1. For GLN375, which of the numbered conditions (1) surrounded by fewer than 17 Cβ atoms within 10 Å (Cβ to Cβ); (2) closer than 23 Å to HIS82 by Cα fails to hold?
2. Does at least one position in the range 234-250 carry a residue that is more than 28 Å from LEU31 (Cβ to Cβ), touching a His at 6+ places or on another chain (Cβ under 6 Å) and either open to solvent by less than 40 Å² (accessible area, probe 1.4 Å) or not aliphatic (A, V, I, L, M) (or both)?
3. Given the criterion at pLDDT 95 or above, crowded, with 24+ Cβ neighbours inside 10 Å, out of contact with any Ser or Thr (no Cβ under 6 Å at 6 or more places or on another chain) and not β-branched (Val, Ile, Thr), identify the matching residue among GLU61, GLU33.
4. So which residues in the range 170-194 are assigned to a loop (DSSP other than H, G, I, E, B) and farther than 22 Å from GLU272 by Cα?
5. Kindly indicate whether ALA73 is among the small types (Gly, Ala, Ser), farther than 27 Å from ARG143 by Cβ, crowded, with 16+ Cβ neighbours inside 10 Å and touching a strand residue (DSSP E or B) at 6+ places or on another chain (Cβ under 8 Å).
6. Please go through the range 80-97 and pick out each residue that is in a loop (DSSP other than H, G, I, E, B), of a type outside the set (Gly, Ala, Ser) and either surrounded by fewer than 20 Cβ atoms within 10 Å (Cβ to Cβ) or out of contact with any Pro (no Cβ under 6 Å at 6 or more places or on another chain) (or both).
Amino acid sequence: MGTCDVLVIGGGPAGSTVAPLLARQGYKVVLLEKAHHPRFHIGESLLPANMPLLETLGVAEEVRAIGMEKWGAEFVSPWHEHGQEFRFADALNKSLPMAYQVKRADFDHVLIRNAAREGVEVIEGCKVGAVDFQSDTQGAVVRATHDDGREQRWQARFVVDASGRDTFLANRFQIKHRNPRHNSSAMYAHFAGARRHQGQAEGNITIFWFDHGWFWFIPLSDGLTSVGATVWPYYMKTRAGRSLTQFLLDTIASCPALAERLKDAQMVTDAEATGNFSYVSERNHGSNYLMLGDAFAFIDPVFSSGVMLAMNSGFAGAKAIDTCLSRPAEAGAALAEFDRVVRHGPEVFSWFIYRITNPTMRDMFMGPRNIFRVQEALLSVLAGDIYGSTPIWWPLRIFKVIYYLSFLGNLRQSLRGWRNRRINIRPVDEAGLGAGQ
């Protein structure tokens with residue numbers, strides 16, 4: 001049996017963030033990743049708030065070398081005459097003007113290789129099968145199986161679940177639940193030859209609303225473009241025997257603005273799909289374990305918040321674990337602060353996500369006004385600047401007041417949108433989702 005201070009399950013952005021931070025502090029850290037990097041993963045759009053985290057990890061230059069500069073985001077609506085561009089440089093915090101679009105295979109590879117350089121024992125092709133927790137002071141025994149069939153065990157003082165949407169511990173504890181306030185499915189692929197904007201806006205992400213949800217359009221540095229449709233679950237049931245590739249192409253054709261951007265493009269990867277995007281677990285920690293990023297909760301990706309939330313939870317997790325292992329008397333307060341930080345991000349974004357398809361919110365996004373600096377505060381949220389000292393909270397409260405007043409001022413339209421959403425988020429049987437089907 002091997003021994004370590006901390007065993008991390010999963011080598012995505014959350015696991016590859018918490019592991020090197022702990023190794024720097026002298027802890028013996030083992031990271032187990034079931035796949036071999038580089039491996040495909042969806043979720044290519046970073047936020048400006050990622051940039052300081054990458055600097056602290058020491059990988060900013062490596063990410064710059066693989067990334068497409070992203071200076072803003074564009075929203076396109078079939079119910080509005082013109083699109084609306086938001087530039088991160090116009091947010092309250094002027095020090096976070098840009099981010100990157102990245103191929104996740106390359107980005108995650110950079111992070112996990114950095115963890116190994118920092119002294120983490122990185123073991124790929126090793127899938128965790130069980131975690132047997134001991135008493136509060138004894139940690140846990142972790143059992144895993146290598147690709148060649150070998151089984152191995154580790155005695156760890158602390159366990160970190162960074163398994164992403166596998167949600168290893170949440171499934172084991174049976175504490176993972178659908179988010180009753182949101183539900184969506186997605187299908188996606190990479191395209192070559194998509195038409196991009198000119199100049200600095202070339203790398204901007206574009207969000208296209210359409211009748212059944214919204215599309216993302218993410219330009220990548222190698223000339224490819226990630227295109228995906230996040231749709232209400234019922235829509236996936238209308239596939240009616242079509243291949244997933246054809247279904248995605250037919251769905252794109254139903255959005256003229258996006259179809260125009262892709263009229264000379266070719267799909268160069270198989271279409272893939274996933275269901276039930278939104279879930280949350282009852283808790284994210286115990287006395288000798290933490291759950292980071294998607295292993296705890298996942299919300300709709302419309303604001304590209306996933307990687308930033310995962311990495312930020314890694315920073316918060318490293319701080320909490322260091323306290324638990326080095327100053328046990330302070331563990332309770334440290335874990336409570338970790339819980340507060342990890343819940344904060346999804347809560348901030350969820351308020352907007354639950355309303356983003358309502359006509360009232362769409363109107364506010366497509367015709368923003370900066371009264372009381374509310375537009376600057378909204379841009380700060382879009383940039384992921386929600387953990388620091390940027391004074392966004394009073395302007396955001398004013399934004400919410402304006403939303404509720406506008407909702408009442410357009411009550412019939414707003415209520416119709418609210419009722420439609422209640423119908424649209426109802427769960428359906430998600431059997432049949434998958435690559436190439």
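The values are calculated or read from the model by the stated rules, or taken from the named source; none is laboratory data. From a predicted model like this one, the values you see are computed outputs, not experimental measurements. For neighbour counting, all protein chains shown are included, and Cβ atoms are generated from backbone atoms with ideal geometry for every residue, glycine included. SASA here: full protein model, heavy atoms, side chains in, ligands and nucleic acids out. Shrake-Rupley method; radii C 1.70, N 1.55, O 1.52, S 1.80 Å.
1. (1)
2. Keep residues of the range 234-250 that are more than 28 Å from LEU31 (Cβ to Cβ), which gives 234-250.
Subsequent filtering for residues that are touching a His at 6+ places or on another chain (Cβ under 6 Å) retains 235.
Filter once more, keeping what is either open to solvent by less than 40 Å² (accessible area, probe 1.4 Å) or not aliphatic (A, V, I, L, M) (or both): 235.
Looking for residues that are more than 28 Å from LEU31 (Cβ to Cβ), touching a His at 6+ places or on another chain (Cβ under 6 Å) and either open to solvent by less than 40 Å² (accessible area, probe 1.4 Å) or not aliphatic (A, V, I, L, M) (or both), one finds at least one in the range 234-250, hence yes.
3. Values: GLU61 fails: crowded, with 24+ Cβ neighbours inside 10 Å.
Only one candidate qualifies: GLU33.
4. The initial filter retains those residues of the range 170-194 that are assigned to a loop (DSSP other than H, G, I, E, B), namely 174-175, 179-184, 193-194.
GLN174, ILE175, ASN179, PRO180, ARG181 - these are the residues of the range 170-194 that are assigned to a loop (DSSP other than H, G, I, E, B) and farther than 22 Å from GLU272 by Cα.
5. Details: among the small types (Gly, Ala, Ser): yes; farther than 27 Å from ARG143 by Cβ: yes; crowded, with 16+ Cβ neighbours inside 10 Å: yes; touching a strand residue (DSSP E or B) at 6+ places or on another chain (Cβ under 8 Å): yes.
Criteria met by ALA73.
6. Taking the range 80-97 first, the residues in a loop (DSSP other than H, G, I, E, B) are 80-83, 91-97.
Among the residues that remain, those that are also of a type outside the set (Gly, Ala, Ser) are: 80-82, 92-94, 96-97.
Once the filter is applied, which keeps residues that are in a loop (DSSP other than H, G, I, E, B), of a type outside the set (Gly, Ala, Ser) and either surrounded by fewer than 20 Cβ atoms within 10 Å (Cβ to Cβ) or out of contact with any Pro (no Cβ under 6 Å at 6 or more places or on another chain) (or both), the range 80-97 yields HIS80, GLU81, HIS82, LEU92, ASN93, LYS94, PRO97.
Table: residues versus (1) closer than 30 Å to ALA65 by Cβ; (2) hydroxyl-bearing (Ser, Thr, Tyr); (3) open to solvent by less than 20 Å² (accessible area, probe 1.4 Å); (4) modelled with pLDDT of 95 or more.
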| residue | (1), (2), (3), (4) |
| --- | --- |
| GLN101 | yes, no, yes, yes |
| ARG117 | yes, no, no, yes |
| LYS127 | no, no, no, yes |
| GLN138 | no, no, no, no |
